[in-house]
Structure formats: C-alpha cells, structure tokens
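Colleague: Below you will find the structure I want to go over with you.
Any read-out appearing in this document is the output of simple, stated calculations on the displayed coordinates, not a laboratory observation. Everything quoted here is computed from the prediction, not taken from an experiment. Please note: Cβ atoms are built from the backbone with ideal geometry, for glycine as well, and neighbour counts cover all protein chains shown.
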Amino acid sequence: MEFSSKLLENAVYEMSQLPGIGKRTALRLVLHLLRQPEAQTEHLTLALGQLRKEIKFCKKCHSISDVEICDICSNPSREKELVCVVEDIRDVMAIESTGQYRGLYHVLGGKISPLDGIGPQDLKISSLVEKVKSGEIKELIFALSATMEGDTTNFYIYRQLEGLEVKISTIARGIGVNDELEYADEVTLGRSIMNRIPFENALKNS
Ligand SMILES: [Zn+2]
C-alpha cells in the first residue's frame, strides 16, 4: 500500500495492529474518522487512554474493575461461599446476563495452553488455591470452555485442591464441545449452571 501521507500511514499501521483488522479495513476506519467531526476521534482516544491508565483488576476475583474491589465481590447479597471459575471477564458478563447465578467469580485470566506458552504460573491459580485453603469457599464451579485447554485447566486446579474441604462441580455441558462460553445463549448457560454436576462425574464420563 502506497501512502502519500506519513501521518495517514502511521494511523493505518496502528489501527491494523488490532485483531481481525487488515490494512484495507484499517484505511477505511481511519478515513471514516477523518470525515467525522474531530471531537469523535478525541472521545475515542480519550476513552482508550483512560481505560489503559485507570483500569484496575479486582483484588478478590481479578476481574476488570473501576475500583479495587469490584461490584460483584462487594455486593453483600451475593453468596460468598459459592465461586465460579472462569477464563475472563467475557464469561463473567455472559453468566451475569443469565440472572440466575448469585455467587462470586474467580477470573483466571486465560487457560493452560502449552502451545501458546501459557502455563499454570501465568494464571491466577495460586490465589484460588489460597482462597480454598482459607476455608471461605464451600463450592467451586468450573465454567471454562469445553475445549482441551479448558479441560486441562480444570484438571490441573482439581489436582491442586485434592484433599481440601471443598465441593467441586462443573457446568452441565448443554453447551456443545468447543463452544466458547461467551457464545452460549443465556437460557442454555443459565440452565447449565443450575444443573451443574460434580466434577468427579464429568471425569468418569470423559
Ligand atoms: Zn471482584
């Protein structure tokens, strides 16, 4: 792509660093911004800049939050002894939208994936084990996607918790194998949390 303007080229390059945005799409988006009032671009850059500077991760569940302890963790009406283990905030949002879950979350920040160089030490697993050891959790619900990485992560955590006083369950797989949690519809997802099964049973079936 030949650019007559270095400024345009730079903007297109930065935009094309986003996932799923090729050079042509990046050019289209940048030209679109140029046609809009200048204030729109300012709002966009301000929102992104503020996000990066001010965003926090909840000290308890590691979810993205504007404050030190997120709204879910600080809500006194949530069941503190029930914790759902998820990959990232998209899963929290999907489960919250079902309106059927009243417990807390623990956000791992990914799943174990040797091919991508992600090991247990890269995830928030040790803080989960500490929480269980402290006795504040009665039941953990594994809600990672039904992929090989999700299963590996579940099993790793399960082994870390062996011998500890905690009930471990997994969401019922009304959701098809390989479906990412965020794409499951609300009714199916809500039902699969309510109909969760002991993790040991899921192990026997696999
Ligand atoms: Zn939290």
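Colleague: Between the stretch 57-121 and the stretch 1-53, what's the alpha-carbon centroid distance in Å?
Modeller: 32 Å
Colleague: While we're looking at this one, here's another question. Hand me the tally of lysine pairs in the chain: alpha carbons under 12 angstrom apart, and the pair either on different chains or 8 or more positions apart. Intermediate results must be reported in sequence, preceding the final value.
Modeller: Working: LYS59/LYS124; LYS60/LYS80; LYS60/LYS124; LYS60/LYS131; LYS80/LYS131; LYS80/LYS138; LYS111/LYS124; LYS138/LYS167.
For the chain, qualifying lysine pairs total 8.
Colleague: Translational diffusion coefficient, Stokes-Einstein: compute it for the stretch 6-54 using the Kirkwood radius over C-alpha pairs as Rh, at 20 °C and 1.002 mPa s, and state it as an integer in µm² s⁻¹. Can you show the working numbers first?
Modeller: Values: Rh = 11.5 Å.
Taking Rh from Cα pairs, D becomes 187 µm²/s.
Colleague: Got a sec to turn the phi values of the stretch 187-201 into Karplus ³J(HN,Hα) couplings, 6.51 cos²θ - 1.76 cosθ + 1.60 with θ = phi - 60°, whole Hz, x for Gly and Pro?
Modeller: 5, 4, 5, x, 5, 5, 6, 5, 9, 4, 10, x, 4, 4, 5
Colleague: Compare GLY119, GLY103, GLY20 in a GNM of the chain, Cα atoms joined below 10 Å, and give the one with the largest fluctuation.
Modeller: Comparing GLY119, GLY103, GLY20 in a Gaussian network model of the chain, the most mobile one is GLY20.
Colleague: Run through the stretch 68-105 and list the GluC sites (Glu not before Pro) located in a DSSP loop whose Cβ has at most 16 other Cβ atoms within 10 Å.
Modeller: Details: sites: GLU68, GLU79, GLU81, GLU87, GLU96; in loops: GLU68, GLU87.
In loop regions of the stretch 68-105 (DSSP not H, G, I, E or B), the sparsely surrounded GluC sites (Glu not before Pro) are GLU68.
Colleague: Given springs between every Cα pair under 10 Å in a Gaussian network model of the chain, which of GLN160, GLN121, GLN17 has the largest fluctuation?
Modeller: Residue with maximal mean-square fluctuation among GLN160, GLN121, GLN17: GLN17.
Colleague: Extension gain THR25-LEU51, at 0.36 nm per residue separation less the Cα-Cα distance, in nm? Walk me through the numbers on the way to the answer.
Modeller: Numbers: separation 26, 0.36 × 26 = 9.36 nm, distance 2.38 nm.
Extra length from THR25 to LEU51 when fully extended: 7.0 nm.
Colleague: Would you mind getting me the FRET efficiency between VAL187 and ARG90? Use the beta-carbon distance for r and R0 = 25 Å, nearest 0.05.
Modeller: Calculated value: 0.90.
Colleague: For the chain, just the Cα set please: Rg and Dmax, both in angstrom.
Modeller: Using the Cα atoms of the chain, the pair Rg, Dmax is 20.8, 67 Å.
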